[in-house]
Structure formats: structure tokens, C-alpha cells
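Just so you know, all these numbers are worked out from the coordinates, no wet-lab data involved. Just so it is clear, the model here is predicted, and its values are computed rather than measured. Ideal geometry is used to build each Cβ from the backbone, glycine not excepted, and the neighbour counts take in all protein chains shown.
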Protein chains: 2
Amino acid sequence: MTFHPSLEPRSNSVKMTAVATRKRTDALTRARIVDAAIAVLDADEEAGLTFRALSQALATGPGAIYHHVSGKGELLDAATEAVVTAALDLPGGGAAPREEVHALALGLFDAIDDHPWVAAQLAAQLARTSAHGASLRILEALGRRVMTLGVPREHWFTTTTALLYYVLGAAGQNAAARESSGGDDRAAVLAREADAWESLPAEDFPFLRAVAAQMRDHDDREQFTAGVDLVLAGIAASGARVSGGSAR
Amino acid sequence: MTFHPSLEPRSNSVKMTAVATRKRTDALTRARIVDAAIAVLDADEEAGLTFRALSQALATGPGAIYHHVSGKGELLDAATEAVVTAALDLPGGGAAPREEVHALALGLFDAIDDHPWVAAQLAAQLARTSAHGASLRILEALGRRVMTLGVPREHWFTTTTALLYYVLGAAGQNAAARESSGGDDRAAVLAREADAWESLPAEDFPFLRAVAAQMRDHDDREQFTAGVDLVLAGIAASGARVSGGSAR
DNA sequence: ACCTGAACACCGTTCAAGT
DNA sequence: ACCTGAACACCGTTCAAGT
């Protein structure tokens, strides 16, 4: 399984504010199509990515795109792949596994923050079957570090998937919350959500009311990392006897 | 926030093998529409749920449905809500919180196993913003038990969301794997997936190759519960000082 | 008030015709 | 070989007309 090599690192640094910028007739390549798709997705969410809009941004007809991608599904997969590839590309100077897990988790957190549509895409990819493409590579990247954390071998799989679900779920939720702000600052969004939770009936929602206050003022990245540490604590606890060393 | 009360418990016991069974002209109610939608979703996945197919199953025209639901989004939410409501309805005789978490988790596991489209729906709902409708109620149900597990108050929220993500992610993945079987038995599916992982290049995927064997023979529900226990172990470890008692 | 179903404004995808 | 863009078979949603 190879991941299309034609994709330069600049692929997800596409940041055009408007979409239809290029008029030049460069060759229509798969990489250019994927870049344009990412730009459209960043600007208009998944619903905005139509072959008509995309072909207009590329100054061509809808049919042309089909010479390079098989359909919309593959296009979405390729766009997700490009973003995740960039996010998983660590500076890589053999840090401690626990630090590497933090770095991977935060890299994905930021990537999903920049491209919120990636969250739903990874979730769908994960739900489609065991693991495919981008989500498979995230699983591998996390698992490789879990292997060196002293977890008993028979817990490797469950441990790593638990970590994966937390990272994707929390990062996606963060991005969605940030998205729905509509320009308000973060504090205002949190306050609005906290207000909503506090106005729920106390008999039906004791938990949400109890945590509403703590949601009102917290740092997103800090809370995210705390969650990663929580799962890592479970890992450490369940592999207690070796606790820290490098198992093999 | 109330959850439409017109929904009888039988709502998700709809099990028709074919779809177009009713010809009678009972009143067209919201509950009947939601029941029919669930049946269509169970039979043909999300892509199969069109207003034309649904109206045919209800022996009416597409426009009639809009008198009872505002659009496709609300219809999907209502269908998800109905399935989750039934799954969260515990026998409820004050069991230990840890057992209740297990019961909730397995209830959702089985509900998603019966209605695989629910997984993607909950994920989308979760990604749309902080938490809405069905996913909000799952969060509350889990959180209420976490509150009584001796976790420090400031960890309640992160702890519960980690649990939520694991449960939804793992249950969804299980359902997807089972779905893709196409009639093969479970062992054959696992074997096929394990074979795929074992044929990955060893340099690029040491982790997936290492866990492939353990995936080949395992019990789905057993592995799922082990994952819940892993997160609970993290909870216990991070709230170590009180470990077990009922904090308040 | 509720239902009907043709009509509207889209969509992904295909394919003859061009270069 | 690659591109074009009209055309095809859908889709969610609306709305005049019926009951």
C-alpha cells in the first residue's frame, strides 16, 4: 500500500481566501485537483465540494476531473490523506514515546482545527470498515509508540484504538465548536454552550450541569492533552508490572 | 430540551425483512415515519433513505412527509434518537456504577450492531457541535456514573468524553466489520482482515503486523468490554487517592 | 388540516465530440 | 491522451391543486 508520492509538502498549506484564483492552464494533475479540493473544503465545508464548483476553480469542465480521480469518494479520501500525511510528519529526533504520543495527538488536533471537515471524514473512514487509508496510518503511528510503553502485548490493540478514538473524537469536537463560533471569540462560544448546559433540567441532566462550569473556562489544547494522559494512565495502570520500561 | 414523547418503546423493534409491507391508510404520524425510516436504513444503509423510497414504503407522496418532519436531517436525527433511547433504557435496579457503565456500553454496542448506520450518524452529530440530541444523552448517562466512581471533579468531563469516544468508536467499528462480511461468518472476516494486515510491509507497519494475529481470534464483545475497563482503569488511576468510594 | 405528485433547482457521473 | 460540456438519471424540497 503506497500513498501517492506526487504530493508535495505544500499541499495543505493552501490558504486562498477566495477560491477561483487560477486562470493559468498548467497541466491538470491529481495533486492540483486535491489541493483545489482542500481549498474548497476549507472554504465551504463538505457540502460545498461539488464537481461543478471544483472544475470552475480549476478553470475546466467537470468531466476532466474524472481522468485523475475515480469519483467523489476517492477525492475526499485523497484530500484527507494529504492533510493527515502532513500532520503525521514529525520532526523525528527519537523523543520519549510518551512525548511522541503527545506530539502526534497535538499534530492531529491542529490539523483538524485547520481543516474541520477532516474529522467527519476520518470518522466515516473508520466506520466504513476496520481501518483504511489515513486512519490506518494514524493507528500505526500511535501503536508503534504504545508498543514501547510497557503495555502487555495482548492489550496493544485495544489500548491503541482507545487512544485513536479519543484523539479523533476530541479533536473533531474542538474543531466543530470553534467552527460554530461564526467569528465570535472562543470565550463567548464556551460561555454560550455552558449557559445552555446550565439551563437543562437538573433532574434529567445532573452531570452536564455539574461540568458546565468547568467547561466555561478551560484551555482547549490543555484539556485535550489531559485526556491523552488519562488514556495513557489507563495504559500504565493495566501494564502496571513493567510500568515505564521498554517491553518487547 | 425535551425528546419527542410520542415515541413508543416499540419504535426500534421494527424488523421487517422487506420494506413495502403496509398498504393500509393508517394516519401518517411522525412515529410511523420514523419507524419506516429505521426500516429503510436497516435494509439499505443511509444512501438508501430517499424521500421517494420512504414515501413509497408509506404508500404516500414525498411531500406528505414534510408535514411531520422538517427535512432529511431531522429525520435522521429522529431515527437515531429512537434507537439510542431504547438502548439507554436500562432495567435500572441500582447496580454498582462500574456495572452500569458496562451495561450502557454493551447496550450501545448491540444497538449499533443492529443498526450500523447509527454509528456514522452519532459521529456526525458529535462533530456537528459539542453534543446534540442523542449523543448528549449518552454523555449524560455515562457521566452520571463517572461522578460516583471517585474521580476528582475536575476530571469528570474529560474522563466521560474519553469513555464516550471509545464506546462509539469501538461499537461502530465492530458493526462496520460485521457489515462488510456480506454473509460470511465472523471468523472468515477476521481472518481476511488479519491476512491483509500481515501482508503489509514490515518496515512501514510494525504495529499492525504485531497485532494482526491477536485480531484473528478474539471475541468482539469481550474485547470491547476490555477496552471499557482500560479507560476505567485510567479513571481509577487518575483519581487514585479516593479509589472506589463515592465522591461528592 | 392534511395529502398529492408534478415541477424546480440541484447533484454525481457519463460520453460523444473535439484537440 | 487529455479535455470539454451537454446530457442522463438521480436527489431534496416546494407548492399549487385537491380532499
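With N the number of residues in segment A:164-222, Rg(Cα) / (2.2 N^0.38 Å) evaluates to 1.19. Partner shielding of B:151-163 amounts to 6, given as the average count of beta-carbon atoms from other chains within 10 Å of each residue beta-carbon.
Mean partner shielding of peptide A:112-119, defined as the number of other chain Cβ atoms within 10 Å of each residue Cβ, is 1.
Nearest beta carbon of chain B to the B-to-A rotation axis, with distance in whole angstrom: B:G234, 1.
Per residue of peptide B:208-218, the mean number of Cβ atoms on other chains within 10 Å of the residue Cβ is 4. Take B:A95 and A:R186, extend 7 Å from each Cα along the Cα→Cβ direction, and tell me the distance between the two endpoints in nm. The answer from the label model is 4.0 nm.
Inter-label distance, B:D217 to A:A59: 6.3 nm, where each label sits 7 Å from its Cα along the C-beta direction.
Under conditions of 20 °C and 1.002 mPa s, segment A:62-173 yields 144 µm² s⁻¹ as its translational diffusion coefficient, taking Rh as the Kirkwood radius over Cα pairs in the Stokes-Einstein equation.
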